[in-house]
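Enquirer: Once you've had a glance at the structure underneath, I'll fire off some questions.
The numbers here are math on the coordinates, done by the rules we state, and not lab data. Please read these numbers as outputs of a predicted model, since none were measured by experiment. Because the Cβ atoms are built from the backbone with ideal geometry, glycine has one as well, and the counts that use them run over all protein chains shown.
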Amino acid sequence: MSQPVGRRLFLAGLAGGVALIALGGRLPGALRSWLEGPLGELSPSDGFHFYSVTGSIPSWDRAGWRLAVDGLVDKPLSLSLDELTSIGLQTVTADFHCVSGWSVSSVRWRGVSLAALVDLAAVRPAGRALRLESGDGAYVDYLDLEVARKPGVIVALGIRDTPLSSERGAPARLVVPFYYGYKGVKWLRRITVVESAGVGYWEARGYDADARIRD
């Protein structure tokens, strides 16, 4: 079940997170018309621009929420928030960059190493990538397992010493500090180990499959 956040808030998020997909700075006419209007005042005070591809925020409750880790693993996991936390938390500080050109400096995330999480599930030899599914039921992205194991790649549960807010992806989101923000799946609910990476939500709509931030 989802909670509407309002069309104008959705549009503001699109302006911040979608505006410059890999089309040479140009947007399709239909999307351009959607983004017209006075949206700047809707940017939150923490510097981030909110967006949702469904125009809603997934609801969740602490008692019932689980993060699944499944697919090509020997030990499938279904972890509550407390069980996820018990794996051990680490802090990662990095600048957050959106492909549309805005950034937030020195964001401090707190979460669980993605490498530790998939190791706990015991990945089978055929597993080479991860499919990451959002609780919104629409957003899916992929990471090569080699990338997922790099230092700093975490399932974040908190930001700046507080739990994630709904707008920031509560209860859990992916953080890949050396990739652009569209790889950071919010409202993460399932991690599936697969043989190879597929095409992510925005990659299917024009984003570069190589999301590395380059100086």
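Enquirer: What residues have an amide H closer than 5 Å to that of residue 190, excluding those fewer than 5 places away on the same chain, when H is modeled at 1.01 Å from N in the peptide plane?
Expert: 68, 133
Enquirer: Something else now. With Cβ to Cβ distances under 14 Å as the rule, what net charge do the other residues near residue 208 carry (K, R +1; D, E -1)?
Expert: +1
Enquirer: Apply 1/(1 + (r/R0)^6) to the Cβ-Cβ distance of residue 208 and residue 149, taking R0 = 22 Å, and write down the FRET efficiency to the nearest 0.05.
Expert: FRET efficiency, residue 208 to residue 149: 0.50.
Enquirer: Explain nothing, just compute: Karplus ³J(HN,Hα) = 6.51 cos²θ - 1.76 cosθ + 1.60, θ = phi - 60°, for every residue of segment 115-129 in order, whole Hz, x for Gly and Pro.
Expert: My calculation for segment 115-129 gives 4, 5, 5, 6, 5, 4, 7, 6, 5, 6, x, 6, x, 10, 8 Hz in order.
Enquirer: Moving to a separate point now. From the backbone phi of segment 62-75, what are the Karplus-calculated ³J(HN,Hα) couplings (6.51 cos²θ - 1.76 cosθ + 1.60, θ = phi - 60°) in whole Hz, Gly and Pro given as x?
Expert: Running phi through 6.51 cos²θ - 1.76 cosθ + 1.60 with θ = phi - 60° gives 4, 5, x, 6, 9, 9, 8, 10, 9, x, 7, 9, 8, 10 Hz.
Enquirer: Tell me which residues come under 5 Å, amide H to amide H, from residue 154 once H is placed; ignore anything under 5 positions away on its chain.
Expert: For residue 154, the qualifying residues are 114, 175.
Enquirer: Does segment 114-163 come out rounded, prolate or oblate by the C-alpha gyration tensor, with a ≥ b ≥ c the root eigenvalues, rounded set by a/c under 1.5 and, if not, prolate when a/b is larger than b/c and oblate if not?
Expert: Because a/c hits 1.5 or more and a/b fails to exceed b/c, segment 114-163 counts as oblate.
Enquirer: Follow-up question, since we're still on this one. Could you go through segment 93-104 in sequence order and give the Karplus-derived ³J(HN,Hα) for each residue, using 6.51 cos²θ - 1.76 cosθ + 1.60 with θ = phi - 60°, rounded to whole Hz, and x for Gly and Pro?
Expert: My calculation for segment 93-104 gives 10, 7, 6, 9, 10, 9, 5, 7, x, 8, 9, 10 Hz in order.
Enquirer: For residue 128 and residue 83, calculate 0.36 nm times their separation in residues minus their Cα-Cα distance, and state this gained length in nm to one decimal.
Expert: Net length gain for the segment: 13.7 nm.
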